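The values are calculated or read from the model by the stated rules, or taken from the named source; none is laboratory data. Worth saying up front: this structure is predicted, and the values here are computed from it rather than measured. Cβ: placed from backbone, ideal geometry, glycine included. Neighbour counts: every protein chain shown.
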Amino acid sequence: MQSPIQQIIEEIKAKKVFRRNKKKIELKILSAILYFHGLSLRKASKFISLFQKISYESIRIYYHRLKRILKPPERKKRRLIAIDETKLKLENKHIFIWSAVDVDTKECLAVWATEGRSSFHAYAFLKEVLRYCENKPEIIVDRGPWYLWALKGWDLIINMKPLEREMQWRDSFLCLREELKGSLTGFLS
């Protein structure tokens, strides 16, 4: 079974979305996905430029070419959302990748990349995630202290010790983490 990124790559190649391929197609996809899921053009450009020089205008162009393939999440009632962050070391910098997944549908609601991990980052990320929820869903997070203050302000049900049956979302995050590490180290070569 192909990974989600490989599926997107195959679909893009089949539809001939990009006319020229001076930059790696994975780089174009990652930059467009970061912008699509809430990162500003300038922040996405700064993050991707750690691997290969890229302008924010290029990211805007990639996004507009890919937006026919990438569909935003629907705003609807959600029962359970899993939020996790992972720390990646790239050269001499630490980057934190935040992601949120609807546990029932396995739909990715948001992805962010930040240079820090604080309550403020968690609050801002949660605000972005809740744009796709009509109700106040239960939130599953790890025991990171940065989540406490962020989640208190929203009057949400917080699950900081997930049950064994709800641990399936962890597999999605581990898969995402390994795929990101593989893709990102591929950009460096």
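Annotation: of all residues in the stretch 55-97 being more than 13 Å from L30 (Cα to Cα) and among the small types (G, A, S), the one that is surrounded by the fewest Cβ atoms within 10 Å (Cβ to Cβ) is S55. Could you tell me whether any residue of the stretch 108-127 is farther than 25 Å from F47 by Cβ and modelled with pLDDT of 80 or more? Taking every residue of the stretch 108-127 in turn, none turns out to be farther than 25 Å from F47 by Cβ and modelled with pLDDT of 80 or more.
Can you find a residue that is basic (K, R), out of contact with any His (no Cβ under 8 Å at 6 or more places or on another chain) and at pLDDT below 85 anywhere in the stretch 68-84? Within the stretch 68-84 (the criterion being basic (K, R), out of contact with any His (no Cβ under 8 Å at 6 or more places or on another chain) and at pLDDT below 85), the answer is yes, since at least one residue qualifies.
Yes or no, residue by residue, for (1) in contact with a helix residue (DSSP H, G or I) (Cβ under 9 Å, 6 or more places away or on another chain); (2) assigned by TED's automatic domain parsing to the domain that holds L88; (3) modelled with pLDDT under 80:
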position: R131; (1), (2), (3): no, yes, no
position: K136; (1), (2), (3): yes, yes, no
position: W146; (1), (2), (3): yes, yes, no
position: L163; (1), (2), (3): no, yes, yes
position: L184; (1), (2), (3): yes, yes, yes
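Looking across the stretch 65-103, the residues that are assigned to a strand (DSSP E or B) and of a type in the set (K, R) come down to K76, K87, K89, K93.
Looking across the stretch 76-89, the residues that are touching a residue at least 40 places away in the same chain (Cβ under 8 Å) and more than 13 Å from A110 (Cβ to Cβ) come down to K76, K77, R79, L80, T86, L88. For the stretch 73-113, the set of residues classified as among the polar types (S, T, N, Q) and farther than 18 Å from A124 by Cβ consists of N92, T105, listed by residue number.
For the residues Q52, Q6, the requirement of being assigned to a loop (DSSP other than H, G, I, E, B), surrounded by fewer than 18 Cβ atoms within 10 Å (Cβ to Cβ) and either at pLDDT below 80 or touching a Leu at 6+ places or on another chain (Cβ under 9 Å) (or both) singles out Q52. Looking at the stretch 135-148, is at least one residue within 17 Å of the chain's Cα centre (by Cα), free of Cβ contacts under 8 Å to residues at least 60 places away in the same chain and under 14 Å from H37 (Cβ atoms)? So far as the stretch 135-148 goes, no, none of its residues is within 17 Å of the chain's Cα centre (by Cα), free of Cβ contacts under 8 Å to residues at least 60 places away in the same chain and under 14 Å from H37 (Cβ atoms).
When C108 is tested against (1) under 14 Å from G38 (Cα atoms); (2) assigned by TED's automatic domain parsing to the domain that holds R19, exactly one condition is not met: (2).
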